[in-house]
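In what follows, a structure is listed as structure tokens, so that the remarks can point back to it.
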Amino acid sequence: MDHRIHQVPRQHALQFPTKQNIKTANTSLDFKTMLQEQQELKVSKHASERLQERNIHLNDQQWQLINDKVSEAKQKGVIDSLVVMNNAALLVSAKNNTVVTAMNLEEASNRIFTNINGTILINE
């Protein structure tokens, strides 16, 4: 019998590099803190420019209230919302937690808003 018939080529298992456990400051954060950071409202570059152009100033308490209401709306299925306040109107993507644009209330009163599926009224 031919000696080549019984020879089975040996296949070597691929060895993948092992991941090193590098501890960073982020890994020490607990889940609740990381979740809160993900849910915080961001302001797009466009919205930031509009806030400055139109001289709209919101304090930390107002931003927190907007953030809370947008989170609540998101839980109810809202994707894009209009947030109407005493001095401003903000278009917010609840899906991305991002303020898309901002305008004065006088300017907003002459507009038609489309592609929103929720409105948040804040009286402060």
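Computed quantities for the displayed model
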{"quantity": "Quarter of the Cα convex hull surface for region 77-124, i.e. its orientation-mean projected area (nm²)", "calculated": "3.2 nm²"}
{"quantity": "Most to least packed among 89-96, 50-57 [average Cβ atoms within 10 Å]", "calculated": "89-96, 50-57"}
{"quantity": "Region 40-124 - Rg and Dmax from Cα coordinates, angstrom", "calculated": "11.6, 33"}
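Read-outs throughout are calculated quantities, based only on the coordinates presented, and are distinct from any laboratory measurement. Remember, it's a predicted structure, so these values are computed and weren't measured experimentally. As a convention, Cβ positions derive from the backbone with ideal geometry for all residues, glycine included, and neighbour counts pool all protein chains shown.
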